[in-house]
Amino acid sequence: MRNRRSSPQAVLSVCLLALPLWASAAPAAEKVPITTSSDEARQLYLQGRDAGEKLRAADAHAFYEKAVAKDPSFALAYYGLTNTAPTNQAFFGALKQAVALADKASAGEQLMIGALQAGVNGNIDGQRRMLTELVAKYPGDERPLTQLGIFYFGLQDYQTAISYLTKATAIAPNFSLPYNQLGYAYRFEAYWDLWALPEAAKQDATWEMQPSLVTFLVHGLEFDEGVYQQEGHIEVDFGLDTPFLQEQVRLDSQTETRIRANVQKLVEFTTKVEKNSGISGRLLWSESEDTLAQKLIARLQKVQ
């Protein structure tokens with residue numbers, strides 16, 4: 001078990017370690033061109049792009065600034081500056097430059113810049129059209145596929161997002177950005193019924209079966225720099241640990257019965273998952289000062 005300090009009402013999760021995941025590479029294909037008159041600017045741009053795709057926006061922005069210093073007509077570098085801008089003023093200033101220089105760039109770069117501008121202007125249909133056209137022009141380029149996947153993720157069309165993001169990982173198994181986004185796309189919510197007391201009255205109130213939110217998160221091998229090694233391949237977030245402890249409620253035989261029923265449901269769930277999924281291990285933890293198991297034992301022993 002793992003301890004995390006937080007509020008008295010902490011979050012309870014189960015981390016599941018599954019069998020390894022993998023993807024196969026596809027043959028090399030044409031990529032969106034990078035139009036610049038300076039080889040030095042190109043290398044700086046690539047360093048910036050790499051940093052940005054690894055979620056290091058500040059580092060990426062610095063590389064893009066150096067790239068446009070080497071080639072002031074480098075439209076794609078201004079596109080990068082837009083996406084990593086630390087302020088609204090810097091964002092719109094870089095976007096204006098990217099749009100102004102787009103006619104000096106390739107058709108693919110123009111579509112990237114145009115889609116970004118459409119998104120900023122709230123033109124969702126235009127953004128969709130340009131990103132779809134970009135993917136059609138460069139079906140073997142993982143980056144347009146990732147962009148289109150992120151676009152659909154923003155629309156909460158998760159199945160379509162997963163489809164494009166998965167295609168990107170098949171083309172470039174070592175490209176981290178789609179894995180990071182898939183870590184969010186492979187997220188869904190469900191409810192199960194647990195015994196609880198009405199929020200308005202914690203004493204002398206009638207226990208009720210109430211729906212309680214459960215969130216499932218899937219961590220791929222490349223998501224967030226291998227977070228699965230600590231968090232597991234699958235994380236199940238049960239929300240607050242209150243239903244399993246009820247520390248603010250006077251402990252009597254009825255309270256013990258309800259808590260035991262909730263805990264039994266939790267145990268049955270984790271046991272069935274372990275049995276049916278072929279996982280290699282599980283970790284149950286709560287964001288509280290003590291381990292959950294110790295707190296449960298101490299709580300239940302008070303009525304005996």
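Arrange the peptides 186-192, 110-116, 74-80 so that the one whose residues have, on average, the most other Cβ atoms within 10 Å appears first. Don't skip to the answer; put the middle values down first.
Details: 186-192: 12.3, 110-116: 22.3, 74-80: 27.7.
Ranking, from highest mean packing down: 74-80, 110-116, 186-192.
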- Task: Could you tell me, in Å, what Rg and Dmax come out for the Cα atoms of the stretch 39-181?
- Result: 14.5, 42
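Taking a 19 Å limit on the Cα-Cα distance, which of the listed pairs Lys137/Lys167; Lys70/Lys104; Lys272/Lys295; Lys54/Lys96; Lys31/Lys167 fall beyond it?
Values: Lys137/Lys167 15 Å; Lys70/Lys104 16 Å; Lys272/Lys295 23 Å; Lys54/Lys96 25 Å; Lys31/Lys167 15 Å.
As for pairs spanning more than 19 Å Cα to Cα, those are Lys272/Lys295; Lys54/Lys96.
Read-outs throughout are calculated quantities, based only on the coordinates presented, and are distinct from any laboratory measurement. This structure is a prediction, so every number in the text was calculated from the model and none was measured. When we count neighbours, we look across all protein chains shown, and the Cβ atoms used for this are built from the backbone with ideal geometry, even at glycine.
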